[in-house]
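Below is one structure, written out as structure tokens; the observations come after it.
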Amino acid sequence: MELNIMEQQLKQDALFLPFMQIPTGHHHVADALMEDLMSYMDTVRCNKIDILSYSYGKMETVVSSTYLRWIKNLPNAYHWIYDQMAYKKADKRNRNYLYELLFINFFKRLLKEHEPRILFCTHALPSNIASVLKQKGKLQATIVNVYTDYFVNRVWGIEGVDYHFVPSVEVKKFLQKLGVDEKRIYVTGIPVHREFNNTTQMKEKNPNELQVLVTGGSLGVGGLEKILSEPSEAMHYYVLCGKNTSLYKQLKATNRMDVTPIPYIERKQEMNAYYNQVDAVITKPGGVTISECLIKRKPIFVCNALPGQEKINEQQLKRLGVVQPVTCESAKDEIKAFFSDVDKQKGYHRTVDHYHQQLENRSMVEILEEIFPFA
């Protein structure tokens, strides 16, 4: 008993800091990093804490639901405000006094409770607060920014941040222009679970039928109705419905031979098996999903980008050449055209290969071993 208590006392905290409880990429990335960290170091205690619910309790639910309704009902207004407040003139860094007023005292309390040696910020707001405290000499922990989009908005803290895990060389160059030392930037891509390196297939594929994964839970019923408007003998759709149970039941009731609705998937192994099964993915340009598809080297067709981050992601990904925008109405024809054009396929895969060649050639575990303050 005494030995167990001593072992617990020897463990040191690593805090992973997403924002809000919505299961977005901020949480998925934090979970993946926590697993990598704990896989090689048994002297660390990992805690994932959403600073919004930590600070304001049940108010987080109200904020989250309001945020989702805002995006759904007033998308243009949301995009304009996000562009003005977080993205426009992203190279101009200003203090966000409102965020500091709302969160800095709670953040100090969190640090006092855990006394962390390292912070992994997977969202811009906790990064911002950590940066302010570090510059004031009130935070000694190592700070790591882990970017979950393909750009850096104005909210992210830069000064005082020790390391940056970035999705692309373009983001690395942007940070260097802001004065960040190249040695503190790791081009990791957006971190995803290690299971996605596994290439096991679910079953034998029909060589005469294109298998397409559709992130249905995110696209919503409207977008899916356009994509799945007509049955296809040459294409089979695996539709990820997520927690959208009504969508799953609706698709199941159609009993279409070319559509397989898939309920919420919790196990990474199962999700990875679907990636291995399909020839292509139709998705929105969310950072983590795109990163998973890039690791699987699956052709990515994007449509129905949400306002704000996703629309900007789409712009950046088009510049990188690793996604192909389609319209929901003609997605089937555009995908068929791609797979009928050998030269287009080769060109796309060359671009994806080039993207991978620019990433770190070390594993995430090796990078964590290098930066950890008590490895």
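The values are calculated or read from the model by the stated rules, or taken from the named source; none is laboratory data. Everything numeric in this text was worked out from a predicted model, so none of it was measured. Counting neighbours? That spans all protein chains shown, and the Cβs are built from the backbone with ideal geometry, glycine included. These accessible areas exclude ligands, DNA and RNA; they are computed on the full protein's heavy atoms, side chains included. Shrake-Rupley method; radii C 1.70, N 1.55, O 1.52, S 1.80 Å.
This table checks each residue for (1) part of a helix (DSSP H, G or I); (2) of a type in the set (S, T, N, Q).
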site	(1), (2)
Asn128	yes, yes
Val132	yes, no
Trp156	no, no
Gly179	no, no
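The lone criterion from (1) over 22 Å from the mean Cα position of the chain (by Cα); (2) of a type in the set (D, E, K, R); (3) at pLDDT 90 or above left unmet by Lys203 is number (3).
Regarding the stretch 2-22, can at least one residue be identified that is at pLDDT below 75, in contact with a Ser or Thr (Cβ under 8 Å, 6 or more places away or on another chain), assigned to a helix (DSSP H, G or I) and open to solvent by 20 Å² or more (accessible area, probe 1.4 Å)? Looking for residues that are at pLDDT below 75, in contact with a Ser or Thr (Cβ under 8 Å, 6 or more places away or on another chain), assigned to a helix (DSSP H, G or I) and open to solvent by 20 Å² or more (accessible area, probe 1.4 Å), one finds at least one in the stretch 2-22, hence yes. For the stretch 225-244, filtering for residues that are aromatic (Phe, Trp, Tyr) and in a loop (DSSP other than H, G, I, E, B) leaves 0. Checking each residue in the stretch 122-139 for being surrounded by fewer than 20 Cβ atoms within 10 Å (Cβ to Cβ) and in contact (Cβ under 8 Å) with a residue 24 or more places away in the chain picks out Gln135, Lys138. Of the residues making up the stretch 356-375, just one is open to solvent by less than 40 Å² (accessible area, probe 1.4 Å), touching a helix residue (DSSP H, G or I) at 6+ places or on another chain (Cβ under 6 Å) and under 14 Å from Ile190 (Cα atoms), namely Met364. Name the single residue that is most open to solvent (accessible area, probe 1.4 Å) among those in the stretch 30-49 being touching a helix residue (DSSP H, G or I) at 6+ places or on another chain (Cβ under 6 Å) and in a helix (DSSP H, G or I). Only one residue tops the list, namely Tyr40. Against the numbered list (1) modelled with pLDDT under 85; (2) open to solvent by 90 Å² or more (accessible area, probe 1.4 Å), Ser232 comes up short only at (2). Tyr78 fulfils the conditions (1) touching an Asp or Glu at 6+ places or on another chain (Cβ under 9 Å); (2) open to solvent by less than 20 Å² (accessible area, probe 1.4 Å); (3) of a type in the set (Ser, Thr, Tyr) except for a single criterion, (1). One residue stands out in the stretch 294-322 among those that are more than 24 Å from Asn73 (Cβ to Cβ) and in a helix (DSSP H, G or I): the one that is most open to solvent (accessible area, probe 1.4 Å), namely Arg319. For the stretch 50-75, enumerate the residues that are of a type in the set (D, E, K, R) and either in contact with a strand residue (DSSP E or B) (Cβ under 7 Å, 6 or more places away or on another chain) or surrounded by 11 or more Cβ atoms within 10 Å (Cβ to Cβ) (or both). Asp50, Glu60, Lys72, listed by residue number. Applying the condition of being of a type in the set (A, V, I, L, M, F, W, C) and touching a residue at least 40 places away in the same chain (Cβ under 8 Å) to the stretch 53-81 and asking which residue is nearest to Leu119 (Cα to Cα) yields Val63. Please tell me if Ile282 is open to solvent by less than 30 Å² (accessible area, probe 1.4 Å), part of a helix (DSSP H, G or I) and either at pLDDT below 95 or over 22 Å from Val239 (Cα atoms) (or both). The answer is no for Ile282. How many of the residues in the stretch 265-279 are of a type in the set (A, V, I, L, M, F, W, C), assigned to a loop (DSSP other than H, G, I, E, B) and either surrounded by 22 or more Cβ atoms within 10 Å (Cβ to Cβ) or modelled with pLDDT of 90 or more (or both)? Total meeting the criteria: 1.
When the stretch 241-262 is limited to residues that are modelled with pLDDT of 90 or more and under 23 Å from Ile300 (Cα atoms), the one that is nearest to the chain's Cα centre (by Cα) turns out to be Ile262. Being in contact (Cβ under 8 Å) with a residue 40 or more places away in the chain and open to solvent by 60 Å² or more (accessible area, probe 1.4 Å) is a property that holds for Glu329.
Taking Ile300, is it under 19 Å from Gly25 (Cα atoms), touching a helix residue (DSSP H, G or I) at 6+ places or on another chain (Cβ under 9 Å), modelled with pLDDT of 90 or more and of a type outside the set (D, E, K, R)? Reasoning before the result, please.
Details: under 19 Å from Gly25 (Cα atoms): yes; touching a helix residue (DSSP H, G or I) at 6+ places or on another chain (Cβ under 9 Å): yes; modelled with pLDDT of 90 or more: yes; of a type outside the set (D, E, K, R): yes.
The answer is yes for Ile300.
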